[in-house]
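J.: Let me give you the structure first, and then I'll get to my questions.
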C-alpha cells in the first residue's frame, strides 16, 4: 500500500531509483515510526513523512521523520555516531539491509539519530550561511566583510530572563549590511526582511514574544543544528545552518526543552558584538531595544 512518503532527489541519488520506488510503494517503509526529530510516533499511512538518510564514512542509516519537522534530506554525520545507531537498531528492531547506491555498506532502515536541517539561504537577501556559535555568548565574527562580500550571520546562544524565567535564546547578528535581492544601495534591511517574515519589534526584554508559525529551532543530540523557516512548497527549509552542529550548555538545552521553544532575537551588524557573560549580553540587548533595533519571535523547538 502506498505511503505518504517524501524521498528527496538527494536521498534518491544516494539509495538509487529502485530502492526509492520500493520505499514509496510501501515495500520498505514502516507503517509507524518514531520521528527522528521530535521523537514522537508517526504513521506513514496517515501523515506526510520525510526520509532522512544519515551518511557516515562507511555506513548509512535511513530514518523517518514527520514532514512538518524536517524535510527529506541527506545528513553527513560522524561514523562513530552511525556505528552506535546501527548497534542500537540491531538490538531493538532488527531490519533487513537494503543496497545503497555508491555506498560501501548498507542502508539500515530505522530510527537511529535526530535529524538535521538542510543548508538553506539565510535570508531572501545577501546574508550567507556561515556562522560561529557556541554555548556561551561570544562575538560571532571579529571582522566586517570586505566590500562586495556577503555578510555572515553570527549566532550567540544564551539564557535571557523573561521576568524570573530563563529562556533559551539565540541572538542573530550579521557581520555587515543585509539588503533585499538585487539591491545595490548598501542599505541595511536585515530587520525589515525579518519583520516581513513575521518577527516583531521588541519593546521589553521581559516579555516573551509570540510564536512564529512555521519557524523552528533544530537541536539534536545536545547540539544546535539549524533555524528552519516555512518552505514555499510546504514543510520547512533551512534559514540558517551550522557548518558543524554546535554544542550548547546543559542549562540552555534544559530551558529549551522545558518550554519547548527558543527565543530568537535579531539585531543589525555591530549592535551587540562580543559579550563574555549573559548579563552583559542582556545589557547590550537592552541598549539595542532602547534604540528600536531588535526584532524577535519565539520559535518552537524541533528535536531534543
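The values are calculated or read from the model by the stated rules, or taken from the named source; none is laboratory data. Only a predicted model underlies this, so the values are computations on that prediction, with no experimental measurement involved. Here Cβ is always computed from backbone atoms with ideal geometry, including for glycine, and neighbour counts include all displayed protein chains.
The rows are residues; the columns are (1) over 18 Å from the mean Cα position of the chain (by Cα); (2) not in a strand (DSSP E or B).
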{"residue": "186", "(1), (2)": "yes, yes"}
{"residue": "193", "(1), (2)": "yes, yes"}
{"residue": "207", "(1), (2)": "yes, yes"}
{"residue": "232", "(1), (2)": "no, yes"}
{"residue": "238", "(1), (2)": "no, no"}
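J.: Which of the residues that make up the stretch 30-58 are free of Cβ contacts under 8 Å to residues at least 60 places away in the same chain, in a loop (DSSP other than H, G, I, E, B), touching a strand residue (DSSP E or B) at 6+ places or on another chain (Cβ under 8 Å) and farther than 18 Å from residue 220 by Cβ?
T.: Those that are free of Cβ contacts under 8 Å to residues at least 60 places away in the same chain, in a loop (DSSP other than H, G, I, E, B), touching a strand residue (DSSP E or B) at 6+ places or on another chain (Cβ under 8 Å) and farther than 18 Å from residue 220 by Cβ: 31, 44, 47.
J.: Right, here's the next one. Would you point out which residue out of 256, 226, 251, 284 is in a helix (DSSP H, G or I), closer than 16 Å to residue 69 by Cβ and assigned by TED's automatic domain parsing to the domain that holds residue 173? Give the steps one after another, and end with the answer.
T.: Details: 226 fails: in a helix (DSSP H, G or I); 251 fails: closer than 16 Å to residue 69 by Cβ; 284 fails: closer than 16 Å to residue 69 by Cβ.
One residue alone meets the criteria, 256.
J.: Looking only at the stretch 1-21, which residues are modelled with pLDDT of 85 or more, out of contact with any helix residue (DSSP H, G or I) (no Cβ under 6 Å at 6 or more places or on another chain) and assigned to a loop (DSSP other than H, G, I, E, B)? Full working, then the answer.
T.: As a first pass, look at the stretch 1-21 and keep what is modelled with pLDDT of 85 or more: 4-21.
Those still in the list that are out of contact with any helix residue (DSSP H, G or I) (no Cβ under 6 Å at 6 or more places or on another chain) too: 4, 6, 8-11, 13-19, 21.
Of everything in the stretch 1-21, those that are modelled with pLDDT of 85 or more, out of contact with any helix residue (DSSP H, G or I) (no Cβ under 6 Å at 6 or more places or on another chain) and assigned to a loop (DSSP other than H, G, I, E, B) turn out to be 4, 8, 16.
J.: Okay, moving on. Scan 272, 262 and give me the residue that is assigned by TED's automatic domain parsing to the domain that holds residue 163, touching a helix residue (DSSP H, G or I) at 6+ places or on another chain (Cβ under 6 Å), touching a residue at least 12 places away in the same chain (Cβ under 8 Å) and part of a strand (DSSP E or B).
T.: 262
J.: Quick test of your reading of the structure: residue 198 fulfils all but one of (1) part of a loop (DSSP other than H, G, I, E, B); (2) at pLDDT below 90; (3) under 30 Å from residue 36 (Cβ atoms); (4) assigned by TED's automatic domain parsing to the domain that holds residue 249. Name the failing condition by number.
T.: Checking residue 198 against (1) part of a loop (DSSP other than H, G, I, E, B); (2) at pLDDT below 90; (3) under 30 Å from residue 36 (Cβ atoms); (4) assigned by TED's automatic domain parsing to the domain that holds residue 249, the one that fails is (2).
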